[in-house]
Amino acid sequence: MFLKARSRGDFAPSTDLEEVIERFKKTSKKLQTPGSDVIEIYLMLTYLLSFAKELRENSANRIAYYESVAKGLCEYITLNYSDVSNCIVTKKFADRTHDKASLKGAEKFRIEVLNQVYDCLIIQLSNRTDLYEQIVKRFKFLSKLMNNSEFDENSIKLIISHYKDDIDRKLINECYQFKGYLHLRKSRNAEENTPSKMQCTEVLQLIYEQQLIEVSPYITTAHKLFLTMPITSCEAERSSSKLSFVKNKFQSTMTEEHLNSLCILSLENDIARKLSHDKTVATKNRKKNIL
């Protein structure tokens, strides 16, 4: 592969995107980790978006660094790009004027490859971040409530209007009451070392331990909605990739329900291996003996 890719332009994409791929990979793993909440993922995606925008703005300054890294990968890499000896192409622009396109080498790679990759990343991250931002605005008051700071009533009104069948305006009074309870509990029970900043899971656990569900029913509902909200949309992709593991010669004669069941067994193989089938086998044998 190194002998075939002698030009610096062939190695530059693998060097300049290595840093981006590494950060996206770590964020993707965190996003699929059980226990992650929407606010945490939103902050991580917002950081990735700012990181991609920074790379896009400084692409001209970083191209020299990428070239030096690419050159150090293999001794067969040449000093020039593969398109240096190409003919200059005359282009006609939208205003019907003509000019000579002088994009070659590093400048051509930066504009036609690198910037397009960054623009695609920025667009996709912006679309996903906008969706998470709408959810974060609704549950923003929970983070303020847990951190003993002033919460925004507008955030409470957003969640009331969105979940009007589950939450009503009594949630505002419950927040003030529950916030005062947390403050007094921390001051009077200093020996328990109650943290100043609590996670949503800790707050919900405290509500159940202290039997505060009847006192703060809508706060309990809001925490349940927040903690049970899915933050990943990778299930379809995992199902498609796992489908190759269950393909066999009988696939063409299988029904869709049977094939879906095999996919679920393959995805949840750690749970399926722990199941006991003795009762199922005994039931089948009993029916067989009756017949």
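The values are calculated or read from the model by the stated rules, or taken from the named source; none is laboratory data. The model shown is predicted, which means the values in this text are computed figures rather than measured ones. Don't worry about glycine lacking a Cβ; one is built from the backbone with ideal geometry, like all the others, and counts go over all protein chains shown.
Which pairs turn up if I take residues in region 15-35 that are in contact (Cβ under 8 Å) with a residue 60 or more places away in the chain and look for partners that are surrounded by 12 or more Cβ atoms within 10 Å (Cβ to Cβ) and assigned to a helix (DSSP H, G or I) with beta carbon separation below 6 Å, at least 6 apart in sequence or on another chain?
Within 6 Å, the pairs are Asp16/Tyr66; Leu31/Ile41.
Based on what the data block shows, is Leu212 at pLDDT below 90 and either in a helix (DSSP H, G or I) or charged (D, E, K, R) (or both)?
Values: at pLDDT below 90: yes; either in a helix (DSSP H, G or I) or charged (D, E, K, R) (or both): no.
Judged against the criteria, Leu212 is not a match.
Which residue out of Ile167, Ile172 is under 24 Å from Pro230 (Cβ atoms) and aliphatic (A, V, I, L, M)?
Working: Ile172 fails: under 24 Å from Pro230 (Cβ atoms).
Being under 24 Å from Pro230 (Cβ atoms) and aliphatic (A, V, I, L, M) holds for just one of Ile167, Ile172, which is Ile167.
Can you go through Leu114, Leu131 and tell me which one is surrounded by fewer than 18 Cβ atoms within 10 Å (Cβ to Cβ), under 24 Å from the mean Cα position of the chain (by Cα) and modelled with pLDDT under 85? Break it down into steps so the answer makes sense when it comes.
Working: Leu114 fails: surrounded by fewer than 18 Cβ atoms within 10 Å (Cβ to Cβ).
After ruling out the rest, the residue left standing is Leu131.
Can you find a residue that is in contact with a Ser or Thr (Cβ under 7 Å, 6 or more places away or on another chain), of a type in the set (A, V, I, L, M) and either surrounded by 14 or more Cβ atoms within 10 Å (Cβ to Cβ) or at pLDDT 85 or above (or both) anywhere in region 136-147?
No: zero hits.
Being small (Gly, Ala, Ser) and under 10 Å from the mean Cα position of the chain (by Cα) is the filter here; which residues of region 26-35 pass it?
Step one: filter region 26-35 for residues small (Gly, Ala, Ser), giving 28, 35.
Passing the criteria: only Ser28.
Take residues that are under 21 Å from Leu125 (Cβ atoms) and modelled with pLDDT of 85 or more and tell me which of the helices (runs of 4 or more DSSP H) falling wholly in region 1-68 contain 2 or more.
Values: elements: 8-16, 18-31, 38-57.
It comes to 38-57.
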